[in-house]
Amino acid sequence: MGQANLQEPDQRMFTYGVLPNGDYIDISGGASGPSAPDNDTLQRYQRELTENSYYGIVDFIIPMLEDKERADAFKTGFYMDYNQRNYNQSSFNYPYGRAPEPSDNYSEYTPTDGETWADVFLNPDRSGLINPTGVDGNYMMSYAPVNQTDSATAQGTGAFYNASQAVTASYIMADFKLFPQLTLTGGSRFENTNLKVLGGTGLNERFFPNPAYRPGGSGLAKIQQLDLLPAVAATFNLTENVNLRFAWSQTLARPSFKEMGPVITKDFTDDTYFLGNPELTLSKANNYDFRAEWFPRAGEVIAVSLFYKDLQKPMEQVAFFDTQLEQQFLKYVNAPTGIVYGIEIEARKRLDQVAPWLDKFSIFFNYTQIFSQVPLDSTASAFLAANNQPSESRPLQGQPEYIINAGLNYDNDEYRFYAGLFYNVTGTTLYAAGAPFVEGTTVVSYYPDVYQQPAPSLDLNLTQGLTENWKLTFRGKNLLNPFFNRVQTFNGVDYIYSSYTRGWDVSLNAAYSF
């Protein structure tokens, strides 16, 4: 059982651009966030989320032979997982006046002499009432809040969703030795998914085309599905310390509440809007794996793995640009198919055989090379080919070209001291797949894919035991503090989509164990 709560009572943000000469400019393009009608230089958000989760599991193991040296067994079990979430948000922008005079054109109040948009907004000359004489009956405040999540004024961007997911499952499997060197494992898992997301009605038809979100609709999206997921595996002991492993399995992935919820939310980390997609469905995968592993000594391994995944309806994050609102959005969609395959090399080694004084040291290294492919539809292929861009397929969103992990450990039990230095870098990754610009039913352009560039990471962990029960731990994360760059390529030229650093993360804590 668990409970999570999130409250953001008043998140405020000023948005503006800076020209090369240092001048500030309004970059809203006259639109206000997802769908309100006016400038969004100042925005305010209020959000709250409550989630409750419950789960239980029961397993039964029945030996199939009386020989205790044999591990042959029949296993069965049951699993239940229930999650329920309530999400509410309010978002506002502050256009200037909404009155005939003075104009609400922000260009009249462009920041100068080192001012920012915050200075413009807080200037006493633009406080209180505008048009105080009441011409045309207007007594509007100078900056009037507009509720972006009100369907009557914001074309329905969504203000809430109530969601629940119940997964009940059972499985049967068996382990048995066909002969002393060969162990077989096989079985199947039955999973029943009941996922429901209830949102508002009267929502923006361009973003939520399902009639369920029109006035009088149910506002309900649901996935109710029973799946049979078989799996088989074989382990062959080539020698005492060398194993060959083969496995095949079917698995599935479910969309999260956020990914399905009929709400447009603001992500403050990279200044983007995320659009929930109630049309998402489950994704399935056929997984094929082979692994050869050698254990030279205790705590050491050298292994090579091959893997292949055949995906049906994989869920991918896409980026698209709404030409009417002049605003970019991110959302998840189901691609028709996809494949992922690659090779992994893993090694762990104690260093006492290198030199006696290194007996407390060990190293590990892991390298994975990944290839992925998602076919493009005929419309996207034709448009990209006409613009001299790759047109047959693209990588699967979220799959990097490679992953490297390496580390150095020092473990001294006598002095209760441990130190670890860890390095990681992930290859170029498709952060968001591009989507077409559509006017009516015609594709007029194509939004370029967004790629995350490699950013190496270095972490340090030091632990000193003080007594049998007390210990101090120091952690330093992201010590290299690299730039995280995302780029888009158009006509062979790379353009920066976003660039930022995360800073160091340093902590010191004391722990007492009973």
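Label Phe295 and Ser188 with points 7 Å out from Cα along Cα→Cβ: what is the distance between them in nm?
3.3
Give me the percent relative contact order of segment 275-391, please, defined on Cα pairs under 8 angstrom at least 6 residues apart.
22
Counting Lys and Arg as +1 and Asp and Glu as -1, what is the net charge of the other residues whose Cβ lies under 12 Å from the Cβ of Tyr495?
For residues surrounding Tyr495, the net value is -1.
Take peptides 186-199, 217-230 and line them up by average Cβ neighbours within 10 Å, highest first, as a rough protection proxy.
Result, highest mean first: 186-199, 217-230.
What FRET efficiency do you get for Thr168 and Leu480 if R0 is 56 Å and r is their Cβ-Cβ distance, rounded to the nearest 0.05?
0.80
By average Cβ neighbour count within 10 Å, what is the ranking of 341-354, 410-423, 256-269 from highest down?
Result, highest mean first: 256-269, 341-354, 410-423.
Could you tally the net charge around Gln452, taking each other residue with its Cβ under 12 Å from the Cβ of Gln452, Lys/Arg +1 and Asp/Glu -1?
Residues near Gln452 contribute -2 overall.
Calculate, for Val232 and Glu51, the FRET efficiency according to 1/(1 + (r/R0)^6) with r their C-beta to C-beta distance and R0 30 Å; round to the nearest 0.05.
According to the calculation, E is roughly 0.25.
Can you give the extra length, in nm with one decimal, that the chain gains between Phe78 and Glu205 once fully stretched, where that is 0.36 nm per residue apart less the Cα-Cα distance?
That works out to 41.5 nm of additional length.
Between Gln373 and Phe417, what is the spin-label point distance in nm, taking each point 7 Å from the Cα along the Cα→C-beta axis?
Reported label-point gap for Gln373 and Phe417 is 5.4 nm.
Within 10 Å, count the other beta carbons around each residue, average over each peptide in 248-255, 86-93, and list them highest first.
Those peptides, ordered most packed to least, come out 86-93, 248-255.
Every number in this text was worked out from the coordinates using simple rules, so none of it is lab data. On a predicted model such as this, the values are computed, not experimentally measured, just so you know. Glycine also receives a Cβ, built like all others from the backbone with ideal geometry; neighbour counts cover every protein chain displayed.
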